[in-house]
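Down below is the structure, laid out as structure tokens.
The numbers here are math on the coordinates, done by the rules we state, and not lab data. This one's a predicted model, so the numbers in the text were calculated from it and none came from an experiment. Ideal geometry is used to build each Cβ from the backbone, glycine not excepted, and the neighbour counts take in all protein chains shown.
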Amino acid sequence: MIATRPTFLLLAVVAVGIGLATAQTSGLTLDPLWAALTLAGAVSLHAAANVHNDLADDLNGSDAANQDRQFPFTGGSRMIQSGVTTPQATQWLARWLYALTIGIGLILLIPGGWPLLALGALGLLMAWAYSAPTISLNARGLGEIAVGIGFGILMPLGADAVQRGELHNLPMFAGAGFALMTSRETLHDSMAPLAGGFVRNQGALPKAGSLPGEGRQRRVRANPPAPFGRTAKDPFAALQSL
């Protein structure tokens, strides 16, 4: 199940943990069965979103074009590109995971009440819209916001509501930092291929002294002095070490 990107499913575990922590901090005794079912629902939703994203990125060609990806943070699981699976099989896996999430969510309405239905529907919609070609939040500069809201607000709220039986604002404050962190990491990962391409193509920059009409007095020093009197052979070496 590499297509689900299991390493990153820990984000859903942390998000649910925040909600369970706020419920326990409020003096509630956690129900282990409902807690486990909540965790299963959150993980299945995250897995569905990951598989759906793999399919969408294969259809629009972005994964195939991402030659400067930084594994495992960018470029998806590449199960389709490597021939391990097919777009059709990936589509069916995403559908089954979404269906599993919906089934678990309906069961969780028993302890969580009807407000949980609206919360779950919003989370499901955002997970789908992140990669859906008709909306594609990740291509409109809204993906990072959606990720932050999903992991830092909706999942903690839902996990807390299942234990509490109603919505409470405490999980929102407790998850705010996690929301910012996940949004920041998503933004960083989306920019990584651009930075990699800049460093890889640095040889295309014009060399010092090669510009037309450039005389000896105006020649740009290709190797500016480095600190402590040393000479830097490559002015872009610092970029490569980042």
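Report the full-extension gain for the segment TRP96 to SER26: residue separation times 0.36 nm, less the Cα-Cα distance, to one decimal in nm.
Answer, rounded to one decimal: 21.6 nm.
Quick one: go through the range 1-30 and flag any residue whose amide nitrogen is under 20 Å from the point 7 Å out along the Cα-to-Cβ line of ALA89.
1-7
Using only Cα atoms, what is the ratio of the radius of gyration of the range 121-177 to 2.2 N^0.38 Å?
1.23
Taking other Cβ within 10 Å of each residue's Cβ, how do ASP54, ASP31 sort, fewest first? Working shown, then result.
Values: ASP54 29, ASP31 15.
The most exposed by this proxy come first: ASP31, ASP54.
In sequence order, what are the phi-derived ³J(HN,Hα) couplings for the range 174-179 according to the Karplus relation 6.51 cos²θ - 1.76 cosθ + 1.60 with θ = phi - 60°, rounded to whole Hz, with x for glycine and proline?
Per-residue couplings from phi come out as 5, x, 4, x, 5, 4 Hz.
Fully extended, how many nm does the chain gain between ARG184 and ALA118 (0.36 nm per residue separation, minus their Cα-Cα distance)?
So the extension gain works out to 21.1 nm.
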